[in-house]
Amino acid sequence: MTTKRIGMEGSFAIAEAIKLARVEAIAAYPITPQTHIVERLAEFVANGELDAEYIPVESEHSAMSACLGTSAVGARTFTATASQGLELMHEVLYVASGLRLPIVMTVANRALSAPLSIWTDHSDAMAIRDCGWIQIFAENAQQAFDLVLCAFRIAEDLTVLLPTIVHIDGFYISHTIESVELLEQKVVDKFLPEYRHPYPLNPDKPVTMGAFGPPPIYTETKKAHEVALRDSKKVILKVWQEFGKLSGSHYAPVESYKTEDADVLLLCMGSFSETAMMSIDKMQAEGQKVGLIRLRLWRPFPTEELRQAVSKAQLLIVFDRALSLGGAPPVCSEIQAALYPLKTKPKIVSFVGSLGGREISIQGFEELINNGMNRAKRGKLDEFEIIGVRE
Amino acid sequence: MEKRDKIIEIRWHGRGGQGAVTSAELLALAAIEEGKFAQAFPSFGPERRGAPVLVFNRVSDKTPIRARVSVINPDIVVILDPGLIYITDVTAGLKEGGVIVINTTKAVVDIKSEFNGSWKLAVVNATSIARDTIGVPIVNTTMLGALVKATDIIELESLAEPLKERFGARAKGNSDACHRAYKETEIAELSGVVKKPTKTFETETFPSWQELLPGSVIPEAGNAKQYRTGDWKSESPIWDHQKCIKCGICYLFCPEGCIGQNKDGYFEANPYYCKGCGICARECWTEAIKMVEEE
């Protein structure tokens with residue numbers, strides 16, 4: 001049961017989700033474009049609307065470190081960051097996932113310095129690709145609200161116990177007012193039971209967490225982590241299904257838009273996918289057999305769902321919003337790796353663009369798709385192109 | 001001497017602080033100085049003073065050394081601490097015809113029954129030599145002399161430069177130790193069939209990945225006490241009750257927390273955990289504590 005549709009900034013919709021989730025601990029450091037989320041949460045705590053421990057810290061490294069502690073004692077824990085802040089947390093992210101602490105974090109995706117940029121792209125998300133967290137991408141404020149709620153349920157599942165990131169594009173979600181349907185508290189309470197860590201830090205019943213892992217044990221710990229992360233997909237699917245039933249919003253690891261008769265598919269992640277949908281609408285109306293797929297789930301990587309989604313396509317145009325400087329674009333290289341073993345697979349064209357907040361219009365996506373089809377026709381598949389660069 | 005293709009592999013068994021790493025490094029440097037190829041590396045780990053440690057050498061006349069892996073089937077084992085033969089399988093994987101070089105106060109006839117294989121055994125009282133020549137019971141350079149005597153792995157003179165470089169003003173004592181050990185090392189041929197190794201150095205068993213709890217949590221509080229670090233020690237504290245005033249300074253300073261008070265109020269160390277560091281003896285203001293060598 002959703003409530004009525006209301007106008008709300010994306011950041012505030014996320015803060016509402018945190019309040020409804022009855023989060024018990026928040027440790028955060030403000031950084032653009034994430035600040036509105038934690039500012040609103042600070043207000044909730046200050047005026048008694050949310051009964052949580054709010055820990056102001058001196059850096060993002062400390063924020064994530066404090067989150068380790070609150071999650072380890074068994075408190076439902078949330079934080080948010082972006083860009084440089086995420087990079088400052090970097091080493092602690094691996095500790096959170098290695099210790100299997102179900103912290104939930106929102107990352108308001110933003111470019112990395114230098115040059116200094118506060119604007120959105122996916123460089124920060126790609127830099128923490130291998131940190132062992134579940135990672136999900138939202139495309140609008142409603143999805144951000146929904147997926148943050150689902151994130152707690154997924155992360156805290158006793159068979160999962162993994163920290164989870166919901167990525168939202170900075171400004172395009174965090175600072176955009178749009179319509180959102182919230183859920184009633186009693187609905188959320190039913191969906192999201194109280195968090196109980198199976199082995200919390202507790203002086204009355206001591207455990208060792210974060211012990212030394214010498215060579216005879218380290219590989220086993222990593223295998224256990226890898227299997228847990230891969231297996232979390234089953235729980236993610238189950239939770240999203242259940243959430244779909246109660247809210248009417250349905251989510252899948254790979255989501256398709258008008259792909260039924262499409263020979264050519266565009267692949268995107270994040271909020272610009274919605275702009276791309278409008279290009280697809282226009283091109284289909286003109287009789288072109290084009291469609292769109294988006295990776296909703298980034299970690300664990302949805303290999304089977306991706307293979308299924310592209311099984312009938314002849315051409316896949318992958319649009320990365322980050323570079324792996326000196327290497328292949330990060331999303332495309334993973335797509336290629338996932339499809340490489342298949343006997344029949346689409347040709348792949350790789351583009352990088354919309355870096356550091358540069359926009360891409362409806363017409364821009366149309367040009368990008370046409371450009372991709374041209375490259376495929378000319379057999380120019382051996383290297384990626386950075387689009388929209390002044391020569 | 002004809003140049004050999006063969007790579008000679010050496011495994012050093014010592015305790016943290018005895019200088020096994022230094023020995024192996026000096027040997028490699030000396031061999032390279034002779035125009036040979038050589039490597040030396042320790043089994044990297046969190047070992048502390050007194051803990052059993054392994055160090056490895058590979059030496060060859062004309063084959064560059066590529067293997068970057070522990071020595072499993074040594075041609076030579078060097079044992080710096082005689083107590084180690086009771087807590088670790090020092091001859092595990094030692095090849096037929098291999099060489100054992102051991103520091104012991106015992107004569108060949110008294111110790112050879114400890115080893116069962118067709119090996120060459122070289123014994124030397126390195127602790128005594130080191131005390132005489134260097135003034136401390138650090139036997140690493142002494143054992144180098146014994147090793148050179150027992151094998152033709154390098155020329156004794158080749159160690160002179162590396163010793164000078166490493167020890168500076170203390171090089172002479174170490175060089176004397178080396179030369180005395182070269183003279184005093186006794187060698188015997190052993191007989192017997194080399195048993196297939198029944199155990200490796202990893203005597204602990206570890207869980208499979210499926211047995212690990214989420215986050216590798218250890219739910220059993222205080223299980224570090226299962227790890228009896230007492231066998232790391234080469235010296236034990238002995239209290240003289242005539243001098244002891246029961247002040248408890250030893251108890252306060254013991255970094256291991258292994259000193260307790262007995263029913264008469266005297267302090268004593270728990271032998272299962274005392275690593276023999278000697279801090280209690282150093283801190284005792286009535287000099288009631290003496291560190292006594294373990295046998």
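I'd like the full set of residues that are modelled with pLDDT under 95 and more than 16 Å from B:Thr142 (Cα to Cα), limited to region B:10-32.
B:Gly16
If I ask for residues that are part of a helix (DSSP H, G or I), surrounded by fewer than 18 Cβ atoms within 10 Å (Cβ to Cβ) and small (Gly, Ala, Ser), which ones from region A:202-255 would you list?
Within region A:202-255, A:Gly244 is the sole residue that qualifies.
Against the definition (outside any helix (DSSP H, G or I) and either in the same structural domain as B:Arg282 (by TED's automatic domain parsing) or touching a residue at least 24 places away in the same chain (Cβ under 8 Å) (or both)), how does B:Ala188 come out, yes or no?
Working: outside any helix (DSSP H, G or I): yes; either in the same structural domain as B:Arg282 (by TED's automatic domain parsing) or touching a residue at least 24 places away in the same chain (Cβ under 8 Å) (or both): yes.
Answer is yes for this residue.
Filter region B:217-260 down to the residues that are assigned to a helix (DSSP H, G or I) and either exposed (fewer than 12 other Cβ atoms within 10 Å of the Cβ) or modelled with pLDDT under 95 (or both) and list them by number. Please lay out each step first, then the result.
So in region B:217-260, the residues assigned to a helix (DSSP H, G or I) come out as B:223-226, B:229-232, B:249-253.
Matches in region B:217-260: B:Asn223, B:Ala224, B:Lys225, B:Gln226, B:Thr229, B:Gly230, B:Asp231, B:Trp232, B:Leu252.
Going by what's in this entry, would A:Tyr94 be described as surrounded by fewer than 19 Cβ atoms within 10 Å (Cβ to Cβ), in a strand (DSSP E or B) and assigned by TED's automatic domain parsing to the domain that holds A:Ala28? So that I can check it myself, show each step before the final result.
Working: surrounded by fewer than 19 Cβ atoms within 10 Å (Cβ to Cβ): yes; in a strand (DSSP E or B): no; assigned by TED's automatic domain parsing to the domain that holds A:Ala28: yes.
In short, no.
Would you mention how many residues in region A:153-185 are in contact with a strand residue (DSSP E or B) (Cβ under 8 Å, 6 or more places away or on another chain) and either surrounded by 22 or more Cβ atoms within 10 Å (Cβ to Cβ) or not in a loop (DSSP other than H, G, I, E, B) (or both)?
Counting residues in region A:153-185 that are in contact with a strand residue (DSSP E or B) (Cβ under 8 Å, 6 or more places away or on another chain) and either surrounded by 22 or more Cβ atoms within 10 Å (Cβ to Cβ) or not in a loop (DSSP other than H, G, I, E, B) (or both) gives 21.
Considering (1) part of a loop (DSSP other than H, G, I, E, B); (2) within 30 Å of A:Phe319 (Cβ to Cβ); (3) within 14 Å of chain B (Cβ to nearest Cβ), say which one A:Arg100 fails and leave the rest.
Here A:Arg100 meets the rest and fails (2).
Just the residues that are over 17 Å from B:Ile72 (Cβ atoms) and assigned to a strand (DSSP E or B), please, taken from region B:2-43. Outline the logic, then answer.
From region B:2-43, those over 17 Å from B:Ile72 (Cβ atoms) are B:2-5, B:14-23, B:25-38; that's our starting set.
Listed by number, the residues that qualify are B:Gly14, B:Arg15, B:Phe37, B:Ala38.
Which residues, counting only those in region B:48-91, are buried (at least 17 other Cβ atoms within 10 Å of the Cβ), touching a Gly at 6+ places or on another chain (Cβ under 9 Å) and over 23 Å from B:Val124 (Cα atoms)?
B:Asp61, B:Val71
Can you confirm whether A:Ile317 is modelled with pLDDT of 95 or more, touching a strand residue (DSSP E or B) at 6+ places or on another chain (Cβ under 8 Å) and not in a helix (DSSP H, G or I)?
Details: modelled with pLDDT of 95 or more: yes; touching a strand residue (DSSP E or B) at 6+ places or on another chain (Cβ under 8 Å): yes; not in a helix (DSSP H, G or I): yes.
Answer is yes for this residue.
Out of all the residues in region A:113-131, is one or more in contact with a Gly (Cβ under 6 Å, 6 or more places away or on another chain) and of a type in the set (D, E, K, R)? I'd like the intermediate steps shown before the answer.
Of region A:113-131, the ones in contact with a Gly (Cβ under 6 Å, 6 or more places away or on another chain) are A:117, A:119-121.
Next cut, of a type in the set (D, E, K, R) only: A:121.
Looking through region A:113-131, at least one residue is in contact with a Gly (Cβ under 6 Å, 6 or more places away or on another chain) and of a type in the set (D, E, K, R).
Scan region A:170-215 for residues that are more than 14 Å from chain B (Cβ to nearest Cβ), in contact with a Ser or Thr (Cβ under 7 Å, 6 or more places away or on another chain) and farther than 30 Å from A:Ser354 by Cα and jot them down.
A:Leu182, A:Leu183, A:Glu184
Report yes if A:Thr32 is within 18 Å of the chain's Cα centre (by Cα), polar (S, T, N, Q) and closer than 25 Å to A:Lys186 by Cβ, otherwise no. Step through it out loud before you land on a result.
Values: within 18 Å of the chain's Cα centre (by Cα): yes; polar (S, T, N, Q): yes; closer than 25 Å to A:Lys186 by Cβ: no.
Taking the combined requirement at face value, the residue does not satisfy it.
Quick check on this structure: which one of A:Ile348, A:Ile335, A:Ile360, A:Ile293 is part of a strand (DSSP E or B), of a type in the set (Val, Ile, Thr) and either closer than 18 Å to A:His122 by Cβ or at pLDDT below 95 (or both)? Before you say what the answer is, go through the steps one by one.
Numbers: A:Ile348 fails: either closer than 18 Å to A:His122 by Cβ or at pLDDT below 95 (or both); A:Ile335 fails: part of a strand (DSSP E or B); A:Ile360 fails: part of a strand (DSSP E or B).
None of the others qualify; the one that does is A:Ile293.
Quick one: A:Tyr94 ticks every box in (1) within 14 Å of chain B (Cβ to nearest Cβ); (2) hydroxyl-bearing (Ser, Thr, Tyr); (3) in contact with a Ser or Thr (Cβ under 9 Å, 6 or more places away or on another chain) bar one, so which box is it?
Evaluating A:Tyr94 over (1) within 14 Å of chain B (Cβ to nearest Cβ); (2) hydroxyl-bearing (Ser, Thr, Tyr); (3) in contact with a Ser or Thr (Cβ under 9 Å, 6 or more places away or on another chain) leaves (3) as the failure.
State yes or no: is B:Gly17 on the phi > 0 side of the Ramachandran plot and touching a residue at least 12 places away in the same chain (Cβ under 8 Å)?
On the way: on the phi > 0 side of the Ramachandran plot: yes; touching a residue at least 12 places away in the same chain (Cβ under 8 Å): yes.
Here the answer is yes, as B:Gly17 does meet what is asked.
Does A:Ala96 satisfy the condition of being over 28 Å from A:Val239 (Cα atoms), among the aliphatic types (A, V, I, L, M) and modelled with pLDDT of 95 or more?
Details: over 28 Å from A:Val239 (Cα atoms): no; among the aliphatic types (A, V, I, L, M): yes; modelled with pLDDT of 95 or more: yes.
Criteria not met by A:Ala96.
The values are calculated or read from the model by the stated rules, or taken from the named source; none is laboratory data. From a predicted model like this one, the values you see are computed outputs, not experimental measurements. Counting neighbours? That spans all protein chains shown, and the Cβs are built from the backbone with ideal geometry, glycine included.
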